[in-house]
Amino acid sequence: MIHKAFNNEHPTAPIFAISRLRMGTDGMGITTLVTFMGCPLDCKYCLNKKCHEPIYEEDGVTVRKGIMMLTPQELYDMVKIDNLYFQTTGGGICFGGGEPTLYPQFIEDFKKICGDRWKITIETCGRCPYDTYERLSKVADYWIVDIKSLNPLIYEKYTGCRSGVLQHLCCLSKMIDDKSKVTIKVPHIPDFNDINELYKDIDEIKEYYEFPNVIIAKYNIK
Ligand code: SF4
């Protein structure tokens, strides 16, 4: 597959999976999970290692096998098969990855096409600039944010990146009026944190950032 030339009217995004008919894992109702390539973190137990692979072959033009370079309209045409399920269950599209906040323009354009009939969920590690939160908060109906850890030492050891979690939680908290639309995941990461750390993080997130939905996620690393 040859990558179509990028142009501002029809931006494309590299997508490595489209998973249909999901329930109870990626937002409300029946959802289709769309996973983007690329992520700023380097988690030790990355669940989607493919997102870190190169997008192009060595010629820098040909898109590698298993990756689809799609415009929002092309994606819409592929996922609209479940329109009825989305509308009758209050579901829609969950953008994950990899890291969906790397593609705000694509998600905004997709929202213009699907309108309010479908719900948009952003499943993110939360590491993105303030203006991206500002843009996506206007099109996202729900957020699922896996914060890894509030403890900067654990975060940095696990992700290989400097922690900005507190700033990111602040941004999200400012942008979203209805905090019940946000689910914060606090993962139990084998060899990195323990249950006491988790409860400490949960208390802090509820008390200082006022997000009521905080859940413990268990990473299955086998
Ligand atoms: S945030 Fe998710 S996709 Fe990114 S490195 Fe961590 S587990 Fe992998």
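The values are calculated or read from the model by the stated rules, or taken from the named source; none is laboratory data. Note that the coordinates shown come from a computational prediction; the quantities given were computed from them, not determined experimentally. Virtual Cβ from ideal backbone geometry, glycine too; neighbours counted across all protein chains shown.
A Cβ distance below 6 Å, combined with a sequence gap of six or more or placement on separate chains, defines the contacts here; from region 146-163, residues that are free of Cβ contacts under 8 Å to residues at least 40 places away in the same chain reach residues that are assigned to a loop (DSSP other than H, G, I, E, B) and buried (at least 22 other Cβ atoms within 10 Å of the Cβ) in the pairs Tyr155/Lys148; Tyr155/Ser149.
Across region 42-54, which residue is farthest from the ligand (Cβ to nearest atom) among those that are crowded, with 17+ Cβ neighbours inside 10 Å and at pLDDT 95 or above?
Applying the filter and picking the extreme gives Cys51.
All conditions but one from (1) touching a strand residue (DSSP E or B) at 6+ places or on another chain (Cβ under 8 Å); (2) exposed (fewer than 14 other Cβ atoms within 10 Å of the Cβ); (3) not aliphatic (A, V, I, L, M) apply to Gly60; the one that does not is (1).
Condition check: in contact with a Ser or Thr (Cβ under 7 Å, 6 or more places away or on another chain) and not hydroxyl-bearing (Ser, Thr, Tyr). Does Gly66 satisfy that?
Against the criterion (in contact with a Ser or Thr (Cβ under 7 Å, 6 or more places away or on another chain) and not hydroxyl-bearing (Ser, Thr, Tyr)), Gly66 does not qualify.
Cβ-Cβ contacts under 6 Å between residues 6 or more apart (or on different chains), taken from a first residue in region 74-99 that is within 16 Å of the ligand (Cβ to nearest atom) to a second residue that is in a helix (DSSP H, G or I), are listed as Phe95/Ile107; Gly97/Cys51; Gly98/Cys51.
The residues on offer are Tyr155, Tyr199, and the sole one that is more than 16 Å from the ligand (Cβ to nearest atom), over 21 Å from Ile107 (Cβ atoms) and out of contact with any Asp or Glu (no Cβ under 8 Å at 6 or more places or on another chain) is Tyr199. For region 105-116, state whether one or more residues are part of a helix (DSSP H, G or I) and either within 16 Å of the ligand (Cβ to nearest atom) or hydroxyl-bearing (Ser, Thr, Tyr) (or both). Within region 105-116 (the criterion being part of a helix (DSSP H, G or I) and either within 16 Å of the ligand (Cβ to nearest atom) or hydroxyl-bearing (Ser, Thr, Tyr) (or both)), the answer is no, since none of the residues qualifies.
Every listed requirement among (1) in contact with a Gly (Cβ under 9 Å, 6 or more places away or on another chain); (2) touching a residue at least 24 places away in the same chain (Cβ under 8 Å); (3) not basic (Lys, Arg) is met by Met69 save one, (1). Scanning region 83-99 for residues that are hydroxyl-bearing (Ser, Thr, Tyr) and over 11 Å from Lys119 (Cα atoms) yields a total of 2.
A count restricted to region 164-175 and to residues that are surrounded by fewer than 21 Cβ atoms within 10 Å (Cβ to Cβ) and either charged (D, E, K, R) or under 12 Å from Ser149 (Cα atoms) (or both) stands at 3.
The residues of region 42-66 that are in contact (Cβ under 8 Å) with a residue 60 or more places away in the chain and under 21 Å from Gln105 (Cα atoms) amount to a single one, Val63. Summed over region 128-143, residues that are surrounded by fewer than 23 Cβ atoms within 10 Å (Cβ to Cβ) and of a type outside the set (Asp, Glu) total 9.
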